[in-house]
Amino acid sequence: MIGRTMSARTINFTLNGEAVSTTIEPHRNLVELLQRFDLFGARESCGQGLCGCCTVLVDGKAVSGCLYFAVWVDGKSVTTVEHFDGHGTLSNVQQAFIECGAFQCGFCTPGFVMMAHQLLKENSDPSEDDIRHYFSGNLCRCAAYPEIVEAVRRAAKAT
Ligand code: FES
Ligand code: FES
């Protein structure tokens, strides 16, 4: 309807293990919601579900934060990349990314780290083909793909 404004909704959800509540307009996406909590690991890049930079877990499943409406997390559990070093200790995956130099500018890295954690949960010993297939929705403009594959293999051995 012309001139009609969308009213904000109050949502309650779990964010990296902590119960939170906020009010947000229904057209905002999950990346925008996370920024309100000072979480900037999930980045909006393509805004079309094509690059994986905005990957976040909702109830344990990877979603594109750029395409996921913020209000949809009401009653759900959200995990971001910040969860993995929330206690000052890097995860095996994060450590392996550093040791293998699996990034250059780092813009894509949080998305790859999220997906790597998911992959290793499903497959503790992925082959190179498994890794490349699993990451088919994640783009790295710096083309750090060989090092990313190496990092996931290293993290698998350390897990
Ligand atoms: S910014 Fe969401 S998939 Fe690219
Ligand atoms: S490290 Fe630059 S986009 Fe992947």
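Points to keep in mind about this one:
- Test: residue in the stretch 96-103 that is part of a loop (DSSP other than H, G, I, E, B) and either free of Cβ contacts under 8 Å to residues at least 40 places away in the same chain or out of contact with any helix residue (DSSP H, G or I) (no Cβ under 6 Å at 6 or more places or on another chain) (or both): no
- Among the residues listed as G49, G106, G75, the single one being surrounded by fewer than 17 Cβ atoms within 10 Å (Cβ to Cβ), under 30 Å from E150 (Cβ atoms) and not assigned by TED's automatic domain parsing to the domain that holds C140: G49
- Only residues that are closer than 19 Å to I98 by Cα, within 15 Å of the chain's Cα centre (by Cα) and not aliphatic (A, V, I, L, M) were counted across the stretch 114-159, and they come to 5.
- So F37, is it buried (at least 19 other Cβ atoms within 10 Å of the Cβ), of a type in the set (F, W, Y) and not in a strand (DSSP E or B): no
- Subset of the stretch 40-62 (residues that are near ligand 1 (Cβ under 6 Å from one of its atoms) and either of a type in the set (D, E) or closer than 11 Å to T80 by Cβ (or both)): E44, C54
- Hey, V71 within 30 Å of S7 (Cα to Cα), more than 16 Å from ligand 1 (Cβ to nearest atom) and in a helix (DSSP H, G or I) or not: yes
- Residues that are of a type in the set (A, V, I, L, M) and assigned to a helix (DSSP H, G or I), drawn from the stretch 116-159: A116, L119, L120, I131, I148, V149, A151, V152, A155, A156, A158
- Per the conditions (1) over 22 Å from Q35 (Cα atoms); (2) buried (at least 17 other Cβ atoms within 10 Å of the Cβ), the sole criterion not satisfied by E128 is (2).
The values are calculated or read from the model by the stated rules, or taken from the named source; none is laboratory data. This is a predicted model, so every value here is computed, not measured. Positions of Cβ are generated from backbone atoms using ideal geometry, with glycine treated the same way; all protein chains shown enter the neighbour counts.
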